[in-house]
Amino acid sequence: MPDPSHPAGPSVALTGVTKTYPGGTTAVDDVTVEIAGGSFVALVGSSGSGKSTLLKTINRLIEPSAGSVAIDGVDVTDDDPFRLRRRIGYVFQNVGLFPHMSVAENVAIGLRLEGRKATADRVAELLTLVDLPADFGSRTPDALSGGQRQRVGVARALATEPRLLLMDEPFGALDPVTRDQLGTAIHELHDRLGLTTVMVTHDMAEALILADRVLVMDQGRIVADAVPKALLAGEGGAAAQALVAVPRDQMRRLAALEAGA
């Protein structure tokens, strides 16, 4: 449950958001959706469905061809894009740590860009937040496992105390055990810090387990918008059910193996 000591994160409203690239390819097609403050929303869909493009319009890594994005009612274009991004946590699939910097320097880079002092205590606090020992700060990224590097990426994203966290396939490169552990840790942080979290994933099981609302994209449009229970009950339409069918079929096959069939 969310920690009542933290105010809920901001709402996000996308209105008529469209992204068409030179040559005529439309990655996002007239998407309008509101995300409530404090919610954990998963954006799912097959490769090329537009989910990562849509996510990146929120922090202006991609500028839409049409439409608008607002955070707590304020249009994102009202602020300098670099200042905007420093107020939004962003976690990449490939982590994106600087290999020539220590873990502590990577974690603190957002603070330095804001002109804030990155104390050893603050870095240690952030590493503890993602279940890493404080002495990891002196290590370099190549000395860490994939899961540890992603935890550092999360610590870096949270360093400036953002209220909104965007994650683009954050667990895609991890092994299944690490992926499950980190997913659980992210959800606990979401609740503890009162964040608004939007996560892109192609894994429907991951979306159903972690999110309280799932948006299914197909050919640039949102074709289903439902809570996990409703999607499991078959209420999301054909594209959603095709995604739900994958983990469901895997469960059936595992049960058959366990039964010796």
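On the stretch given as region 167-209, residues that are crowded, with 21+ Cβ neighbours inside 10 Å, in a loop (DSSP other than H, G, I, E, B) and modelled with pLDDT under 90 total 2. On inspection, L189 passes the criterion of being in contact (Cβ under 8 Å) with a residue 40 or more places away in the chain and either of a type in the set (F, W, Y) or more than 23 Å from F82 (Cβ to Cβ) (or both). Report whether or not V214 is outside any helix (DSSP H, G or I) and β-branched (V, I, T). Spelling it out, V214 is indeed outside any helix (DSSP H, G or I) and β-branched (V, I, T). Mind checking which residues of region 70-104 are within 24 Å of V31 (Cβ to Cβ), within 17 Å of the chain's Cα centre (by Cα), outside any helix (DSSP H, G or I) and not aliphatic (A, V, I, L, M)? R87, G89, Y90, F92, Q93 - these are the residues of region 70-104 that are within 24 Å of V31 (Cβ to Cβ), within 17 Å of the chain's Cα centre (by Cα), outside any helix (DSSP H, G or I) and not aliphatic (A, V, I, L, M). The residue that is modelled with the highest pLDDT, counting only those in region 148-166 that are open to solvent by 20 Å² or more (accessible area, probe 1.4 Å) and assigned to a loop (DSSP other than H, G, I, E, B), is R163.
If you go through region 83-118 and keep only what is without any contact (Cβ under 8 Å) to a residue 40 or more places away in the chain, open to solvent by less than 80 Å² (accessible area, probe 1.4 Å), under 25 Å from K56 (Cβ atoms) and not hydrophobic (A, V, I, L, M, F, W, C), you end up with just R85.
Considering only residues in region 119-131 that are in a loop (DSSP other than H, G, I, E, B) and in contact (Cβ under 8 Å) with a residue 24 or more places away in the chain, the one that is least open to solvent (accessible area, probe 1.4 Å) turns out to be V130. Apart from one condition, V227 fits all of (1) touching a residue at least 40 places away in the same chain (Cβ under 8 Å); (2) surrounded by fewer than 19 Cβ atoms within 10 Å (Cβ to Cβ); the exception is (1).
So which residues in region 27-60 are open to solvent by 60 Å² or more (accessible area, probe 1.4 Å) and farther than 17 Å from D72 by Cβ? Those that are open to solvent by 60 Å² or more (accessible area, probe 1.4 Å) and farther than 17 Å from D72 by Cβ: D30, T32, S46, S47, G48.
The values are calculated or read from the model by the stated rules, or taken from the named source; none is laboratory data. This structure is a prediction, so every number in the text was calculated from the model and none was measured. Neighbour counts run over all protein chains shown; Cβ positions are idealised from the backbone, glycine included. Ligands, DNA and RNA are excluded from the accessible area calculation, which covers all protein heavy atoms including side chains. Shrake-Rupley method; radii C 1.70, N 1.55, O 1.52, S 1.80 Å.
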